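In what follows, a structure is listed as structure tokens, so that the remarks can point back to it.
The values are calculated or read from the model by the stated rules, or taken from the named source; none is laboratory data. Not measured: the values here are computed from a predicted model. We place every Cβ from the backbone using ideal geometry, glycine too, and count neighbours over all the protein chains shown. Ligands, DNA and RNA are excluded from the accessible area calculation, which covers all protein heavy atoms including side chains. Shrake-Rupley method; radii C 1.70, N 1.55, O 1.52, S 1.80 Å.
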Amino acid sequence: MRILLSNDDGIDAPGLAALYHAVSDLGAVTVAAPDSPQSAAGHGITLKSPLTVRRLRASDHAGGFDGIRVDGRPADCVRLAIRSLMPEPPQLVLSGINRGANVGINIFYSGTVAAAAEAAMLGYPAVAFSVRSGEGEIDWPTVARRCRAVLDRLLPAMKPAELVNVNIPSLAQGPPRGVHVVPQSTAGLTDTYLRHIDEEGTERFRLADEYGFVRREPDTDVVSLSEGFITVTPLHVDMTDGRRLRALRELNWPALP
Ligand code: MN
């Protein structure tokens, strides 16, 4: 199987190397990932400047894989790899393992999910993996083993252009309590900005690290993950609201001026 692997934490991130080594026996893995951390890059792509590509040898870095370093966004890496870097298109695209959960509306900010979504938009089955970060260092081999177990179950069921978002609970919560296949929560964030005025009087706002969700929606990714379950959420790239489509069509649309 031809696998394309990317992420948003950058090509030097331990989560990427862990996922690489957890899936490398499945086939030929091409790694194309950002050269710098791109968390919260969302689905941005690079329009106006060329993308610089540097080939990375397994022997030359701690990750221990051949890879391609791209000075772009996660979605750039996947697009470019599929269009121009891989001799043949992938049969599966993986993204992660992201340091930090990607559940609820954070999915919109996530470069990890965007990399997988880009692949789905191009017609390939894609899975995004993230781990909720708790206290202390992440035991990446353990997290990667859990991702692989989920992937082994998913793979036979995956369809072309299918996008699946997987989150692994924090290791501080003990072994996962099971797997929940759940929808995405749409609860808003309770984040805050910290205001600071420097000596020259310039006003600055910095997003605080701590945040929560405005409500706990039962049977969603946010709640299941917080309760220690692995969450599996199939996502749409089609953002159309089907119910509102009908309602808006029924508005009395005037002839265009
Ligand atoms: Mn990230």
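Quick notes
- Anisotropy class of segment 94-161 from Cα gyration tensor, a/c 1.5 cut: oblate
- Sequentially through segment 179-185, phi angles give Karplus couplings (6.51, -1.76, 1.60; θ = phi - 60°) of 10, 10, 8, 9, x, 6, 6 Hz, Gly and Pro residues having no value and appearing as x.
- Of the solvent-accessible surface of the chain, computed with a 1.4 Å probe and all protein chains present, 52% belongs to carbon and sulfur.
- Estimated inter-spin distance, Trp253 and Leu189, nm [label 7 Å along Cα→Cβ]: 3.5 nm
- Take Thr186: with every protein chain present and a 1.4 Å probe, its accessible area is about 90 Å².
- J(HN,Hα) series, segment 242-251, from Karplus relation 6.51 cos²θ - 1.76 cosθ + 1.60, nearest Hz, glycine and proline x: x, 5, 6, 4, 5, 4, 6, 5, 7, 5
- Whole-number accessible area per residue in Å² for segment 77-186, which is evaluated in the context of all protein chains at 1.4 Å: 42 Å²
- Overall form of the chain per C-alpha gyration tensor (a/c, 1.5; a/b vs b/c): rounded
- Entry comment: accessible area of segment 196-257 is 84 Å² per residue, from protein heavy atoms only and a probe of 1.4 Å.
- Gain in span if fully extended, Asp60 to Arg243, counting 0.36 nm per residue against the direct Cα distance: 60.6 nm
- Exposure check, 1.4 Å probe, all protein chains in place: Arg216 carries approximately 150 Å² of accessible surface.
- Sequence-distant residues sharing a close amide H with Asn98 (under 5 Å, placed H): Phe129, Ser130, Val131
- Most fluctuating residue given options Leu94, Leu194, Leu171, as computed from a GNM of the chain linking Cα atoms under 10 Å: Leu194
- Net length available on complete extension from His236 to Glu203 is 8.0 nm, with 0.36 nm assigned per residue and the Cα-Cα distance removed.
- Computed accessible area, Phe108, all protein chains, 1.4 angstrom probe, square angstrom: 120 Å²
- Each residue of segment 66-81 is assigned a 3J(HN,Hα), and the resulting list reads 6, x, 10, 8, 10, 8, x, 7, x, 5, 4, 4, 5, 4, 5, 4 Hz, derived from the Karplus form 6.51 cos²θ - 1.76 cosθ + 1.60 (θ = phi - 60°), x at Gly and Pro.
- Rounded, prolate or oblate (a/c below 1.5 giving rounded, otherwise prolate when a/b exceeds b/c) for segment 149-218 by Cα gyration tensor: prolate
- Annotation: amide H of Val181 within the under-5 Å range of Val232, sequence separation 5 or more or interchain, hydrogens built in the peptide plane.
- Under-5 Å amide H pairs with Leu235, H placed in peptide plane, nonlocal only: Leu163, Val164, Asn165
- Helical contribution to [θ] at 222 nm, DSSP H n ≥ 4, -39,500 (n - 2.57), averaged over the chain, rounded to 500: -6500 deg cm²/dmol
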